[in-house]
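What follows is a short report on a single structure.
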Amino acid sequence: MPGRSAYAGAALEERQLPMKFSWVACQPNCRGWISAVGIVTAATPSDFDAFARDYRLKGETVVLDSGGGSVNDAIALGRRFRALEMFTTVGASVLTPGAHGERAHVSPEAYCESMCVFLLLSGKSRYVPEQAHVRVHQIWMGDRADNARAASYSAYDLMTVERDIGRLAKYTFDMGGAGDLLSLSLNVPPWEDLHELSREELRVTNLITTDKVAQLGSPNAAVVELTPNSQQGLLVSTTAAASVGQE
């Protein structure tokens with residue numbers, strides 16, 4: 001159908017339900033953050049706009065736990081995050097009861113997969129804790145991703161995927177990402193396990209730009225800048241691009 005977008009990401013968990021945004025208040029003397037859990041759908045950018053009307057979000061932190069979603073809608077949402085100069089990270093927001101009410105903190109045991117990785121890239125500053133899982137693979141037609149090898153495809157389907165790859169490439173460079181991220185993603189077909197990025201790959205792709213020195217939820221939470229990555233990767237190699245077109 002005209003206007004549809006390639007999708008990426010699969011599993012049945014809360015992070016595979018439509019994305020929900022919530023403000024996590026941090027008490028008593030620390031800064032709150034935005035919890036973004038679930039997959040990006042066509043409704044997600046407008047849902048975020050509605051959420052943003054109730055808060056002053058410029059410069060705030062977005063904590064991501066997501067299995068991916070719509071390519072074009074994730075790009076639109078990522079551009080909203082960047083316009084607000086947000087800080088992005090991967091984690092699960094946890095509320096624990098205490099003597100003075102609920103206490104909020106972020107657990108690093110969380111997943112950012114597929115198009116979530118490009119949402120992570122939208123942060124003006126980006127941090128990935130050691131225990132988090134950041135995983136990538138190719139984008140694909142959403143209604144055929146579960147049986148991609150056996151499905152049939154029209155010329156229009158191939159055009160849709162190629163178009164979205166082009167949009168994703170432009171977005172990646174607009175956000176300050178490296179071509180290595182595209183190359184790593186586009187070399188993993190949907191019938192293979194997602195590729196989990198190593199710490200070195202997180203740095204080479206420019207997904208990490210800061211080291212965190214305190215947990216979210218601490219009154220002393222802060223970040224320090226890493227040395228900027230001096231080598232920006234090239235766009236997807238001819239071999240990688242050709243393999244995508246043939247899959």
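The values are calculated or read from the model by the stated rules, or taken from the named source; none is laboratory data. None of these values were measured; they are calculated from a predicted model. So basically every Cβ, Gly included, is an ideal-geometry build from the backbone, and we count neighbours across all protein chains shown. The area values use the complete protein model at the heavy-atom level, side chains included, leaving out ligands, DNA and RNA. Shrake-Rupley method; radii C 1.70, N 1.55, O 1.52, S 1.80 Å.
Laid out as a table, the results:
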read-out: Contour minus Cα-Cα distance for Asp193 and Asp54 (0.36 nm per residue); value: 46.1 nm
read-out: Surface per residue (accessible, 1.4 Å probe) for the stretch 24-81, Å²; value: 39 Å²
read-out: Debye intensity ratio I(q)/I(0), log10, the stretch 36-111, q values 0.15, 0.21 Å⁻¹ (C-alpha model); value: -0.58, -1.03
read-out: Kirkwood hydrodynamic radius over Cα pairs of the stretch 89-165, then Stokes diffusion coefficient at 37 °C and 0.692 mPa s, in µm²/s; value: 211 µm²/s
read-out: Solvent exposure ordering (accessible area, 1.4 Å, most first) of Met159, Met19; value: Met159, Met19
read-out: Surface accessible to a 1.4 Å probe, per residue, for the residues of the stretch 87-150, Å²; value: 42 Å²
read-out: The stretch 78-143, accessible surface, carbon-and-sulfur percent (1.4 angstrom probe); value: 50 percent
read-out: Cα pair distances exceeding 17 angstrom across the stretch 47-192, given as percent; value: 65 percent
read-out: Restricting the stretch 113-181 to GluC sites (Glu not before Pro) in coil, as DSSP defines it, with at most 16 other Cβ within 10 Å; value: Glu130
